[in-house]
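Q: This is the structure, below, for whatever I ask next.
The values are calculated or read from the model by the stated rules, or taken from the named source; none is laboratory data. Worth saying up front: this structure is predicted, and the values here are computed from it rather than measured. A quick note on method: Cβ atoms are made from the backbone with ideal geometry, for glycine too, and the neighbour counts reach across all protein chains shown. The accessibility values were calculated without ligands, DNA or RNA, using every heavy atom of the protein model including side chains. Shrake-Rupley method; radii C 1.70, N 1.55, O 1.52, S 1.80 Å.
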Amino acid sequence: MAMFIRVDVDPAVQADPALCKRLVELCPVDIFALDGAGRIATVEQNLDECTLCDLCIAAAPGRVTVVKLYAEG
Amino acid sequence: MRLYEHESKQLLRRHGVPLPKSALARSAEEAERAAAGLGGPVVLKSQVLTGGRMKAGGVRFASSPAEAKSAAAAILTLPINGQQPAGVLVEERRTIAQEYYAAVTWDTRAKQPVIVFSDMGGIDVEEVAVQHPGHVARVHFSALTPFSDFFAKVAVASTGVSGNELGALTRIVAALARAFLQYDLTLAEINPIGRLDDGSIVALDAHLDMEEEARGTHRALLQELGVPEEDTRQARPPTAFEIAGAAVDASDPRGVAGRVVEFDGNLGLIIGAGGGSLTLFDAIRAAGGKPANYCEIGGNPSVGKAAALTRLVLSKPGVEQIAVMMNVVSNTRVDIMARGVIKGVIEAGHDPAAKIAIFRIPGSWEEEGFAILRRYGVDYVDRSVSMHEAARRAVAKLGAQPGRKR
Ligand code: SF4
């Protein structure tokens with residue numbers, strides 16, 4: 001269970017297979033993965049490894065959000 | 001990585017160092033045959049990676065093959081400082097007129113190799129240096145330029161040696177220095193070098209230590225010497241805790257987290273960076289603390305790797321708290337380390353605020369790391385608090401735990 005980081009992906013991203021593939025490729029710590037049907041999902045056991053590099057956010061502005069759970073009130 | 005005497009001598013022989021005739025025996029019968037082959041009196045020496053052989057009874061003399069057989073039988077079953085002998089070196093016994101000492105090692109202050117030579121060998125050179133400083137010479141040389149025999153000659157001549165002996169000893173010391181550089185040694189020592197009754201000069205004992213990291217570079221050489229790859233050459237076999245630490249480190253190529261050495265204390269240590277491990281370990285002891293382990297962390301270990309190391313340290317019986325401390329580092333991410341350590345503590349079933357005595361990692365992403373530590377109520381300090389002060393605070397906090405006997 002991730003304790004520090006949550007990554008939210010807008011369901012609309014699923015309609016863009018190229019973006020899904022790109023997210024999987026760009027994350028340095030394998031937080032994104034494609035399922036058998038080519039749909040993107042986050043990999044629970046890797047979430048806490050997030051380096052906060054923002055590459056995913058830059059690739060999908062407004063459609064991927066990285067939430068720091070420790071920063072919430 | 002220490003080499004046995006017989007391996008050290010094989011290596012020095014290649015560099016032209018004169019040595020007495022010898023043979024390695026793994027059994028009493030082999031020792032008997034070796035003594036017969038050498039003819040005349042022999043000395044039998046236990047092959048262990050520790051000092052104090054003579055005092056422990058690991059060096060014996062024999063004047064016949066039958067005597068050599070019984071001496072070898074005694075040596076081969078005699079552990080020295082907890083080490084079982086790897087064999088016995090059977091060597092021709094010579095009459096010694098004078099003993100000398102020669103070594104090449106690193107002077108970490110001067111950041112250069114140094115030759116140490118004394119015309120009073122066979123005894124503790126450090127004692128000679130105190131009692132008879134004029135009989136110990138130290139000469140530095142560069143590891144960046146080809147070695148010149150001149151340095152060896154200066155070292156030998158400084159102790160008053162002259163004539164034929166100066167030439168012979170210079171050649172031995174120069175060979176020792178070249179071996180030191182060629183094989184990435186951390187210590188190359190001959191104690192004693194003997195001037196025999198016939199005037200010849202030979203190396204009677206030899207001790208070489210190779211840089212652990214250089215094993216890969218010298219794989220072929222180690223194979224020729226018969227050193228198996230799995231032979232760690234540590235003074236004692238690793239404990240289950242240490243093996244588990246190595247497995248943690250090997251589980252992920254990111255950063256270093258898992259090189260641990262087990263001790264008996266109650267304060268678990270997650271420490272490292274730029275020599276920080278040794279400094280922090282000493283600082284804990286200087287403050288009256290009892291480390292449960294030595295440890296090295298560095299680079300950027302993943303959250304999972306830092307968590308696994310934390311769980312391992314906390315799993316050690318007797319560990320009451322952990323101290324997470326590093327030297328000032330530019331590359332280690334404080335937030336990643338904070339996540340890893342807190343995760344490990346929680347996964348081990350503890351409250352990070354109670355279990356982490358102190359967190360001091362002055363690195364990158366500090367503010368992000370401090371936000372995580374605050375969230376979990378962990379005591380942390382920044383680089384304005386020295387390593388020694390952080391260690392003192394950790395020890396004081398452990399001593400002040402409620403219900404704890406002082
Ligand atoms: S911020 Fe970087 S590490 Fe984190 S999920 Fe996005 S791409 Fe991966």
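Q: Which residue, A:ASP30, A:ASP54, A:ASP16, has the most motion in a Gaussian network model of chain A that connects Cα atoms within less than 10 Å?
A: A:ASP16
Q: Continuing with this model, one more query. Name the residues of the range A:1-26, by number, that are at least 50 Å² less accessible with every protein chain in place than in the isolated chain; the surface is that of heavy atoms, probe 1.4 Å, without ligands or nucleic acids.
A: Relative to the lone chain, where solvent access is computed with a 1.4 Å probe, the range A:1-26 loses at least 50 Å² at A:MET3, A:PHE4.
Q: Would you compute, from DSSP H runs of 4+ residues alone, the mean residue ellipticity of chain B at 222 nm, taking -39500 (n - 2.57) per run and dividing by the full residue count, rounded to the nearest 500?
A: Calculated from helices alone, the mean residue ellipticity at 222 nm is -11500 deg cm²/dmol.
Q: So if I take the centroid of the Cα atoms in the range B:165-227 and the same for the range B:331-406, what is the distance between those two points in Å?
A: 47
Q: Now for a separate question. Please give the per residue accessible area of chain B, computed with a probe of 1.4 Å over protein heavy atoms only, in Å².
A: 44
Q: Using a 1.4 Å probe on protein heavy atoms only, how many Å² of accessible area do A and B hide from each other, summed over both chains and rounded to 100?
A: 1300
Q: Okay, next question. Show me the helices of chain B, taken as full DSSP H stretches, that run 20 Å or more along their long axis by Cα and average 1.6 or above in Kyte-Doolittle hydropathy.
A: Length and hydropathy pass: none found.
Q: Now, a different point. May I ask you to list the aspartates and glutamates whose Cα is less than 15 Å away from that of B:LYS55, ignoring any residue fewer than eight positions away on the same chain?
A: Straight-line reach from B:LYS55, under 15 Å: B:ASP124.
Q: To continue, here is another question. Could you state the per residue volume, in Å³, of the convex hull enclosing the Cα atoms of the protein assembly as shown?
A: 201
Q: In chain B, carbon and sulfur make up what percent of the accessible area (probe 1.4 Å)?
A: Whole-percent figure for carbon plus sulfur exposure: 52.
Q: Ok, one more. Going by average Cβ density within 10 Å per residue, which order do the peptides B:175-187, A:34-46 take, highest to lowest?
A: Result, highest mean Cβ count within 10 Å first: B:175-187, A:34-46.
Q: Which one of B:THR108, B:THR310, B:THR159 has the biggest mean-square fluctuation once chain B is modelled by GNM with Cα springs under 10 Å?
A: For chain B, modelled as a Gaussian network with Cα springs under 10 Å, the answer is B:THR108.
Q: Rounded, prolate or oblate: which one fits chain B, using the alpha carbon gyration tensor with axes a ≥ b ≥ c (rounded when a/c is under 1.5, else prolate when a/b beats b/c, else oblate)?
A: Since a/c reaches 1.5 and a/b is larger than b/c, the shape of chain B is classed as prolate.
Q: Among the lysines, which fall within straight-line cross-link reach of A:LYS68, defined as a Cα-Cα distance under 26 Å, with same-chain neighbours fewer than 8 residues apart omitted?
A: Straight-distance partners of A:LYS68: A:LYS21, B:LYS305, B:LYS343, B:LYS355.
Q: Related question: Which residues, if any, in the range B:322-351 lose at least 50 square angstrom of accessible heavy-atom surface (probe 1.4 Å) when the other protein chains sit next to their chain rather than the chain being alone?
A: B:ARG339, B:LYS343
Q: Also, quick follow-up: Per-residue counts of other Cβ atoms within 10 Å, averaged by peptide: what ranking do you get for B:96-103, B:315-322, highest first?
A: B:96-103, B:315-322
Q: Given N residues in chain A, what is Rg(Cα) / (2.2 N^0.38 Å)?
A: Rounded to two decimals, the normalised Rg is 1.03.
Q: Most mobile of B:VAL90, B:VAL385, B:VAL173 per a Gaussian network model of chain B (Cα springs, under 10 Å)?
A: B:VAL385
Q: Something else: Considering only protein heavy atoms, what is the solvent-accessible area of B:PHE370 at a probe of 1.4 Å, reported in Å² to the nearest 10?
A: For B:PHE370, the solvent-accessible surface is approximately 10 Å².
Q: Relative to the longest principal Cα axis of chain A, at what angle does helix A:17-26 sit, 0 to 90 degrees, rounded to 10?
A: For A:17-26 against chain A, the angle is about 40 degrees.
Q: Give the aspartates and glutamates reachable from B:LYS45 as a straight Cα distance under 12 Å; neighbours fewer than 8 places away on the same chain don't count.
A: Answer for B:LYS45, where 12 Å is the Cα cut-off: B:GLU5, B:GLU91, B:GLU92, B:ASP205, listed by chain and number.
Q: Across peptide B:294-307, how many C-beta atoms of other chains are within 10 Å of each residue C-beta, on average?
A: Other-chain Cβ atoms within 10 Å of each residue's Cβ, averaged: 2.
Q: Kindly sort B:ASP382, B:ASP209 by accessible area of their heavy atoms, largest first, with the probe set to 1.4 Å.
A: Sorted descending by solvent-accessible area, the residues read B:ASP382, B:ASP209.
Q: When a/c reaches 1.5 or more, the comparison of a/b and b/c decides; with that in mind, is the range B:48-144 rounded, prolate or oblate per its Cα gyration tensor?
A: Taking the square roots of the gyration eigenvalues as a ≥ b ≥ c, the range B:48-144 is prolate.
Q: Just want to confirm a number: the relative contact order over the range B:240-399, from Cα pairs under 8 angstrom separated by 6+ residues, in percent.
A: 23
Q: With a ≥ b ≥ c taken as the square roots of the eigenvalues of the C-alpha gyration tensor of the range B:246-403, please select rounded if a/c is under 1.5 and otherwise prolate if a/b is larger than b/c or oblate if it is not?
A: Rounded shape, in that the Cα axes give a/c under 1.5.
Q: Which value, in Å² and to the nearest 10, is the accessible area of B:PHE147 when all protein chains are kept and the probe is 1.4 Å?
A: We get 20 Å² for B:PHE147.
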